[in-house]
Every structure is written in C-alpha cells, then in structure tokens.
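*Asks:* Below you will find the structure I want to go over with you.
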Amino acid sequence: LGARYRLADLHAKHASPEANPKKAYSLYKSLYDDNRNADLAVRRVYSALAAYKLSGYVLEGIGTRPSESKGFKWLEVSAEGGYLISQYEWGKRLVAGDGVGQNLDEGVRWLIVAANQGHAEARGELARLNLDRPIANLDEDTIIAWLKEWVDAGSGEARLLLREYGIE
C-alpha cells in the first residue's frame, strides 16, 4: 500500500519525465476502491487519504474533469473515513457554506471530531464559533484548555482568542 501510494504521489508531483496526472488519479482511485471496506485499520487510512487526494484532483481538474460537487463528495468520503485534515476542512466548509450547503450543526460536529484528535485549527475555529454562539456539548473549560495548549505551541492567534475569553 505504501509503495502504491508513493508511486501515485510521484506521478502527482511530476517527479520524473514519465509522471502522469491521469496515472496518479487512477492509482489513488484504486487505493480507495481496494481498501475502503478493509478489515485492517491501516488499509482504511490509506483509503481515506486517497479520497482526500482525489478531492483535490477533482476540484483542480488534475487527471480528470474538474467538478466541484464531486470534489466535495470525495472530501466528505475522506472525512467519514477518518482522515483528520478532511474532517477539519469538511467541517469548516459546512459551517461557512463554502461550496456546499451551509449546515452549522453538522460542520461543528466535524470540527469537534477533528479537535478531539488534536487538530489545533479546528480547536481555534470552535473557539471562535463559541464566542458568537455557545456550542452544545462543548464546555468553555475545554476550549480554554485547548487554547492554552495552542499558546504553549507558539500560537499568537490562540493568545488573542484567550483574551476574548477573558484569560490573560
């Protein structure tokens, strides 16, 4: 699996004169198809990662026809498959209605999934959203703890958000 993924990545990055975006698309698609229902978690991870790559390819029209709706569907499939970056991006798009129908509750749900796995930007997004409208099932103490961790990692943005929560 790793070798097939790296081969697809080499084609995607035009790493050699033989690189071909259609071949990369095809390899990612086969990785998704072959592993989406696998019993082994590592195989499902490759499937979700391949779906994420496919979302970008379809949105950009690399190796296939561009399609916003299909690209966002691949992003959703990747999020459902457990890929952290997809969960954050999908949640953010749903909250904002960016290219998809706005669904604040579903978007927040996906952001919480990503935040609970340690995604700092998802935590920041939830902190911002909570300032405008308290989020059910997410207490302020949790948000403040997340922001403090992010400050410790060097985030000035988190420091500003903490101030908005009244924490110096």
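The values are calculated or read from the model by the stated rules, or taken from the named source; none is laboratory data. Since this is a predicted model, take the numbers as computed values, not measurements. Using ideal geometry, Cβ is built from the backbone for each residue, glycine included, and neighbour counts are taken over all protein chains shown. Each accessible area value is taken on the protein alone, full model and side chains, heavy atoms only, with ligands, DNA and RNA left out. Shrake-Rupley method; radii C 1.70, N 1.55, O 1.52, S 1.80 Å.
*Asks:* For residues that are open to solvent by 40 Å² or more (accessible area, probe 1.4 Å) and either polar (S, T, N, Q) or touching a residue at least 12 places away in the same chain (Cβ under 8 Å) (or both), scanning just the stretch 105-117, find the one that is farthest from I135 (Cα to Cα).
*Replies:* Of the residues in the stretch 105-117, the ones open to solvent by 40 Å² or more (accessible area, probe 1.4 Å) are 105-106, 109, 113, 116-117.
After this cut, where a residue has to be either polar (S, T, N, Q) or touching a residue at least 12 places away in the same chain (Cβ under 8 Å) (or both) as well, the list is 106, 109, 113, 116-117.
Details: E106: 12, R109: 10, V113: 14, N116: 15, Q117: 18 Å.
Selected residue: Q117.
*Asks:* Based on what the data block shows, is V151 aliphatic (A, V, I, L, M) and either closer than 22 Å to S26 by Cα or touching a strand residue (DSSP E or B) at 6+ places or on another chain (Cβ under 9 Å) (or both)?
*Replies:* For V151, the condition - aliphatic (A, V, I, L, M) and either closer than 22 Å to S26 by Cα or touching a strand residue (DSSP E or B) at 6+ places or on another chain (Cβ under 9 Å) (or both) - is not met.
*Asks:* Take the conditions on the phi > 0 side of the Ramachandran plot, of a type outside the set (D, E) and not in a helix (DSSP H, G or I) and apply them to G118. Does it pass? Steps first, please.
*Replies:* On the way: on the phi > 0 side of the Ramachandran plot: yes; of a type outside the set (D, E): yes; not in a helix (DSSP H, G or I): yes.
It is true that G118 is on the phi > 0 side of the Ramachandran plot, of a type outside the set (D, E) and not in a helix (DSSP H, G or I).
*Asks:* Among the residues of the stretch 11-34, what is the count of those that are loosely packed, with under 15 Cβ neighbours inside 10 Å, touching a residue at least 24 places away in the same chain (Cβ under 8 Å) and of a type in the set (G, A, S)?
*Replies:* Result for the stretch 11-34: 1.
*Asks:* Which one is modelled with the lowest pLDDT among residues in the stretch 62-72 that are open to solvent by 30 Å² or more (accessible area, probe 1.4 Å) and closer than 10 Å to Y25 by Cβ?
*Replies:* The initial filter retains those residues of the stretch 62-72 that are open to solvent by 30 Å² or more (accessible area, probe 1.4 Å), namely 62, 64-66, 68-70.
This time we only want the ones that are closer than 10 Å to Y25 by Cβ, so: 62, 64.
Details: I62: 88, T64: 92.
Selected residue: I62.
*Asks:* For the condition under 16 Å from L84 (Cβ atoms), in a helix (DSSP H, G or I) and of a type in the set (D, E, K, R), what is the one hit in E125, E106? Before you say what the answer is, go through the steps one by one.
*Replies:* Details: E106 fails: under 16 Å from L84 (Cβ atoms).
Step by step, each of E125, E106 is checked, and only E125 is under 16 Å from L84 (Cβ atoms), in a helix (DSSP H, G or I) and of a type in the set (D, E, K, R).
*Asks:* Looking only at residues in the stretch 73-85 that are small (G, A, S) and part of a helix (DSSP H, G or I), which one is farthest from A114 (Cα to Cα)?
*Replies:* The first filter runs over the stretch 73-85 and keeps only residues small (G, A, S), leaving 78-79, 81-82.
Then drop every residue that is not part of a helix (DSSP H, G or I), which leaves 78-79.
Numbers: S78: 13, A79: 9 Å.
The selected residue is S78.
*Asks:* Let me ask something additional. Quick one: in the stretch 125-152, of everything that is modelled with pLDDT of 95 or more and of a type in the set (G, A, S), which residue is nearest to the chain's Cα centre (by Cα)?
*Replies:* A127
*Asks:* Now, a different point. Are any residues in the stretch 86-103 in a helix (DSSP H, G or I) and of a type in the set (G, A, S), and if so, which ones?
*Replies:* Narrowing the stretch 86-103 to residues in a helix (DSSP H, G or I): 86-96.
Those that are in a helix (DSSP H, G or I) and of a type in the set (G, A, S): S86, G91, A96.
*Asks:* Pick from the stretch 155-168 the residues that are surrounded by fewer than 15 Cβ atoms within 10 Å (Cβ to Cβ) and of a type in the set (A, V, I, L, M, F, W, C): which of them is modelled with the highest pLDDT?
*Replies:* Residue satisfying both the conditions and the ranking: L160.
*Asks:* State all residues of the stretch 125-154 that are surrounded by 14 or more Cβ atoms within 10 Å (Cβ to Cβ), closer than 17 Å to R109 by Cβ and without any contact (Cβ under 8 Å) to a residue 24 or more places away in the chain; if no residue qualifies, say none.
*Replies:* L126, N130, T142, I143
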